[in-house]
Amino acid sequence: MSRFLSAALCALFVMSFSLSDANAVTYNAAAGKAVYDASCASCHKDGIMGAPKTGNKPAWVSRIAQGMDLMVSHSVKGYQGKKGFMPAKGGNTKLTDAQVGNAVAYMVGLSK
């Protein structure tokens with residue numbers, strides 16, 4: 001009986017990792033380039049309104065450490081920080097959440 005219980009618990013443990021991976025959101029940085037060029041570069045290229053400049057590694061370290069989920073959430077919903085302001089979806093409300101996430105992934109890739 002204890003072998004059966006141990007095996008069942010191990011199986012549940014392994015399945016919990018599989019389920020969390022299945023629910024993980026993935027972003028396409030390559031697709032994010034077009035969104036970045038059209039909607040994000042206007043602020044992130046030159047640091048307008050306190051936006052961290054794309055490619056400025058020191059400006060991105062603490063943001064990247066917070067994780068993609070939080071960065072995408074701030075980008076989708078908007079964010080008021082100590083140094084600047086991020087309008088929801090960069091001011092382009094026609095963007096989908098996935099498009100915004102892709103653009104964030106693109107910027108992160110250039111800023112690591």
> Are any of the residues in the range 75-92 in contact with a Gly (Cβ under 8 Å, 6 or more places away or on another chain), touching a residue at least 40 places away in the same chain (Cβ under 8 Å), among the hydrophobic types (A, V, I, L, M, F, W, C) and crowded, with 16+ Cβ neighbours inside 10 Å?
Replying inline: no
>> Going through Ala88, Ala103 one at a time, which residue ends up being closer than 17 Å to Met49 by Cβ and either charged (D, E, K, R) or more than 9 Å from the chain's Cα centre (by Cα) (or both)?
In response: Ala88
>> From the list Ala22, Ala98, Ala7, Ala11, exactly one residue is at pLDDT 95 or above and part of a helix (DSSP H, G or I). Which is it?
In response: Ala98
> How about the range 33-58: which of its residues are within 19 Å of Phe85 (Cβ to Cβ), buried (at least 17 other Cβ atoms within 10 Å of the Cβ) and in contact (Cβ under 8 Å) with a residue 40 or more places away in the chain?
Replying inline: Tyr36, Ser39, Cys40, Cys43, His44, Pro52, Thr54
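Collect the residues in the range 26-69 that are aliphatic (A, V, I, L, M) and within 16 Å of Gly109 (Cβ to Cβ), keeping them in residue-number order. Reasoning before the result, please.
At the first step, the residues of the range 26-69 found to be aliphatic (A, V, I, L, M) are 29-31, 34-35, 38, 41, 48-49, 51, 59, 61, 64-65, 68.
Ala29, Ala30, Ala31, Ala34, Val35, Ala41, Ala59, Val61, Ile64, Ala65, Met68 - these are the residues of the range 26-69 that are aliphatic (A, V, I, L, M) and within 16 Å of Gly109 (Cβ to Cβ).
Residue-by-condition table, conditions (1) in a loop (DSSP other than H, G, I, E, B); (2) modelled with pLDDT of 95 or more; (3) more than 14 Å from Thr26 (Cα to Cα):
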site: Gly55; (1), (2), (3): yes, yes, yes
site: Ile64; (1), (2), (3): no, yes, yes
site: Leu70; (1), (2), (3): no, yes, no
site: Thr93; (1), (2), (3): yes, yes, yes
site: Asn102; (1), (2), (3): no, yes, no
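The values are calculated or read from the model by the stated rules, or taken from the named source; none is laboratory data. All figures in this text were calculated on a predicted structure; none of them were measured in a lab. We place every Cβ from the backbone using ideal geometry, glycine too, and count neighbours over all the protein chains shown.
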